[in-house]
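Written below as structure tokens is the structure these notes are about.
No value in this document is a laboratory result; all are computed from the given coordinates. No experiment lies behind these values; they were computed from the predicted model shown. Please note: Cβ atoms are built from the backbone with ideal geometry, for glycine as well, and neighbour counts cover all protein chains shown.
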């Protein structure tokens, strides 16, 4: 079994992420949004802050991806906010349970260290592996957001999922 862990980003991780987000093949079919400037700093990558953050995913000590979260508001900001989460696992590391374990660790971290009651995630309607992973983690599918994302010259439907504090597993 692969030992998956989360840790804060380090400067040495950035070239891995530049490569991971640098082409459609590396990013994956549902995560390619165009080229980004190479050599982004830790601050630009969104390390850790009060409105969100990013952690490095390691598998057996190797950098294999990142998880990130940002604040979403559904009403008054003091009482109606949640975290939206996402992840990116390197193409060669996918389909080994790394993404599932990473998402479990991230949701546990957010519920243990913040006051959030809700964590939500969004997946492309055609991204079956991500949708299955969210369900395995315990997220509930809530519905389809029609034409919500612009990617590769057209609009794509997205599916929204949520996990509530009192629904999380051990």
Worksheet item: How many nm is it between the label spots at residue 80 and residue 12, if each spot is 7 Å from the Cα in line with the beta carbon?
Response: 4.6 nm
Worksheet item: Which distance in Å, rounded to a whole number, links the C-alpha centroids of region 119-147 and region 69-88?
Response: 16 Å
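Could you compute the FRET efficiency for residue 5 and residue 149, with r as their C-beta to C-beta distance and R0 at 25 Å, rounded to 0.05?
0.25
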